[in-house]
Each structure stands twice: as C-alpha cells, then as structure tokens.
Amino acid sequence: MQVTKQKFGVLSDGSKVTLYTVSNGRMSFSVMDYGCTITSILVPDSKGAAADILLGWSTFDGYVTGKGSFNAFVGRFANRISNARFTVGGKEYKLDVNDHNNSLHGGFTRYEKMMYESRIVETEYGTGVKFSRLSRDGEQGYPGNVAIDITYTLNEFNELSLLYTAATDAATPVNFTNHAYFNLAGNGTINNHLLKMNCTRYLEVDPCLIPTGKLLSVQGTPLDFTAEKTVGQDIDKTGIGGYDHCFVTEAYDPHKNAFENEKLVHVCTLTDPVSGRTMNMSTNQIGVQLYSGNFVEGMIGKNGRCYHNHESICLESQCFPDTPNKSDFPSCVLTPGEKYKSLTVYSFSS
C-alpha cells in the first residue's frame, strides 16, 4: 500500500489544501482535506485499463465554487428535513430552507466547504486517511458540539471503506453520508449499467420527496431492482425525472435506533457490462438513497466535459430522510455518552 500527498489548493483565508492518493498497486483513490472530498477513484477494466469512475471537477477551484456535493462528506444531517425544523428535548430548532420549504444536506453551510484535520492511518479496514473536525453547537442550526472523525481506507482486496464516527455533548440528530457520483464506464450514460439491489422496500415520499412514513414494497414498481436490470429500463417511469429514493436495507430494525446495527449487510451490485467493472456495496446503515444524477445538466466537469443528467449514480448510505420528524422511524438522535458509527464498503472488481 502506498500513500502520497501533495498541495492541491489554497483557500481565501490562506488555508492550504492537501490531496492524498492511496494505492494498492491495482486501484487507487484520491481525497482532500477540504470537504473530505474524494476527487477520483481509478479502477481497471477487464483488460487492465484504468479509468476514473467518479464525476467531479478537474481543479480545486471547481470544488470550491461548484455545486452538487460531488463526492463530498455530507452532514450534520444528510438528505431532507421537512419544513426545515425539528424538535429535540422539547425545544424546536430551525434550519436553513434550501430545498422547497425543506432543509437539504445541512442547508447553506455545507460540510463539503469546510476544512478538516487530516493524517495517514493504518486501520483494520486498510490504509488511508483520517479526517477530524468539531462541529460546534449551533452550526447549521443544530444543537450540540459534535466531534467527527471520517476515515477513508483501501485494502489489498480493492475494498474502499468509508467510516464515520461521532460523539456529542448534547442530544442532536446525526446522519452522515458521502455523495459520490459513480459511472463505472468512466463516461457516458449510466442507463446501461446493471443494478441488483438487496432491498425489497422503499420509503414512500410526497411531491417534495419528504417521506410519508410508509415503507412500501418495490414489487411491481420502477424501483424493483431485486432482479438485475439496467438502470435505464424504468428510469423514465418514476415520475420525478429519474431515481431519488431511499431504499430500506436489511440493517433496518424498527426496535433499534438508526445507528445501533454494527453488522454490514450487502446492499447492491452495480456493473458496467462494457468495461466489466463491478462495484458491490455493503453498509451498516438502514437506508440507501439511490440518486441518478438528475440535476447535473450542463455542468462543466472533469477535463472540460459537459455533464448531462443520468450520467452518474449515487448510492448514499444513511438513516431515513426526515427522521427527526418521524416518530415511527428508528431514531437518529445521538446523545452524550453514545457513539455514532457508520461504515460503508465499496468493493471493486472487473
């Protein structure tokens, strides 16, 4: 295993941004301490030719000014919170309104636009980089000082692990994810990618994509990936311009809170039949948001490429959207003395 680092950019306040590259000799990934953002994942195809399987930007400035949360760490609460407010301990907290009347991915003060302390580490999951930051009480409107650690590692089996841990001094909702935009071909549409999901239920949502509270069967719907099919087969039948739905994983237990499960469960297998690249995903999280890049049309990304909708797929492990306002959902409230732990593993082969 090899880890190298280099200067990647400088922020307006003078902060120097470092880019780390972790390689096992067959595949590699690069990540920076600005936003804990993964800038590339290089994976060989069936003939040994490597390609970058992530959308994003070629330059540091792209990540500073760009939108879309490309491959970044997301919190304090990933996904949507209805009416941009919630109540904990009898007190109401108001959040940024940035998605209809709701709050999305932390509002306007995004984790992806923040700096983190970083260091190279060796862990049970592999070699990589650990990032740390204190999210102070009141940041984004949330209560509690939350100490956050984010660790991205690679091992000899081509497994990229994303580990998030957190502790707080006051009760607060916590829900972290990474917003990686995958395209296993390295370019073009993802409609021909094959997807098989080990998820038999999904969350019903209203027109603003807020969960109604119902867990519905995928059977007979465009969201049924229990048998392998192309991503594009039913993508125009969802009624919202593609996929942007939370699926229920086998980690779900209505009698436990959202981060009590420590066992990894297999979620899905994604394959590009042309290159032969395959990605398997496992997580301890109860939900996975399947998003088909529905709002990237016209963005100028890596190497000057103009991105179009449905050229990428996101598989975001997390607790259920709007959990703070849904008493029937497993709780996502972290309290003093508890430890939040989210682990997701993406395994690559060709």
**Q.** Residues of segment 20-54 satisfying the condition of being outside any strand (DSSP E or B) and out of contact with any helix residue (DSSP H, G or I) (no Cβ under 7 Å at 6 or more places or on another chain)
**A.** Asn24, Gly25, Arg26, Met27, Asp33, Cys36, Asp45, Ser46, Lys47, Gly48, Ala49, Ile53
Q. For segment 307-347, how many residues meet the condition of being hydrophobic (A, V, I, L, M, F, W, C) and under 16 Å from Ile190 (Cβ atoms)?
A. 3
Q. Just one of the numbered conditions (1) open to solvent by less than 10 Å² (accessible area, probe 1.4 Å); (2) over 29 Å from Asn145 (Cα atoms) is not true of Asn303; which one?
A. (1)
Q: Being basic (Lys, Arg), within 21 Å of the chain's Cα centre (by Cα) and open to solvent by 40 Å² or more (accessible area, probe 1.4 Å) narrows it down to one of Lys237, Lys214, Lys256, Lys263, so name that one.
A: Lys263
Q: Could you give me the residue pairs with C-beta distances under 9 Å whose first residue belongs to segment 107-133 and is open to solvent by 60 Å² or more (accessible area, probe 1.4 Å), whose second residue is assigned to a loop (DSSP other than H, G, I, E, B) and of a type outside the set (A, V, I, L, M) wherever it lies, and which are 6+ apart or on separate chains?
A: Phe108/Asp96; Phe108/Asn98; Thr109/Asp96; Lys113/Gly35; Glu117/Asp33
Q.
Taking the conditions exactly as written (assigned to a loop (DSSP other than H, G, I, E, B), under 25 Å from Leu334 (Cβ atoms) and among the charged types (D, E, K, R)), does Asp96 satisfy them or not?
A. yes
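For every residue, the table says whether it meets (1) modelled with pLDDT under 95; (2) more than 22 Å from the chain's Cα centre (by Cα); (3) farther than 30 Å from Val174 by Cβ; (4) in a strand (DSSP E or B).
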| position | (1), (2), (3), (4) |
| --- | --- |
| Ala227 | no, yes, yes, no |
| Met279 | no, no, no, yes |
| Leu290 | no, no, no, yes |
| Asn294 | no, no, no, no |
(Q) I'd like to verify a number: residues in segment 308-349 that are of a type in the set (S, T, N, Q) and crowded, with 21+ Cβ neighbours inside 10 Å, how many? (A) 6
Q. So, of the residues in segment 49-58 that are modelled with pLDDT of 95 or more and not aliphatic (A, V, I, L, M), which turns out to be least open to solvent (accessible area, probe 1.4 Å)?
A. Gly56
(Q) Cβ-Cβ distance below 7 Å, separation of 6 or more or different chains: which pairs start in segment 328-350 with a residue that is acidic (Asp, Glu) and end on one that is at pLDDT 95 or above? (A) Asp328/Gly213
Q: Could you figure out which of (1) surrounded by fewer than 24 Cβ atoms within 10 Å (Cβ to Cβ); (2) farther than 21 Å from Gly304 by Cα isn't true of Tyr34?
A: (1)
**Q.** Yes/no for Val64 being modelled with pLDDT of 95 or more, part of a helix (DSSP H, G or I) and either more than 25 Å from Val288 (Cβ to Cβ) or of a type in the set (A, V, I, L, M, F, W, C) (or both)
**A.** yes
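Sort out which residues of segment 269-328 are among the basic types (Lys, Arg), closer than 22 Å to Thr226 by Cα and out of contact with any Ser or Thr (no Cβ under 7 Å at 6 or more places or on another chain), and write them in order of number. Please lay out each step first, then the result.
Step one: of segment 269-328, the residues among the basic types (Lys, Arg) are 277, 302, 305, 326.
When the remaining residues are screened for being closer than 22 Å to Thr226 by Cα, the result is 277.
Once the filter is applied, which keeps residues that are among the basic types (Lys, Arg), closer than 22 Å to Thr226 by Cα and out of contact with any Ser or Thr (no Cβ under 7 Å at 6 or more places or on another chain), segment 269-328 yields nothing.
The values are calculated or read from the model by the stated rules, or taken from the named source; none is laboratory data. As the structure is a computational prediction, the values presented were derived from the model and not from experiment. Glycine gets a Cβ as well: all are built from the backbone with ideal geometry, and neighbour counts include every protein chain shown. Protein only, heavy atoms only, side chains kept; ligands, DNA and RNA dropped before computing areas. Shrake-Rupley method; radii C 1.70, N 1.55, O 1.52, S 1.80 Å.
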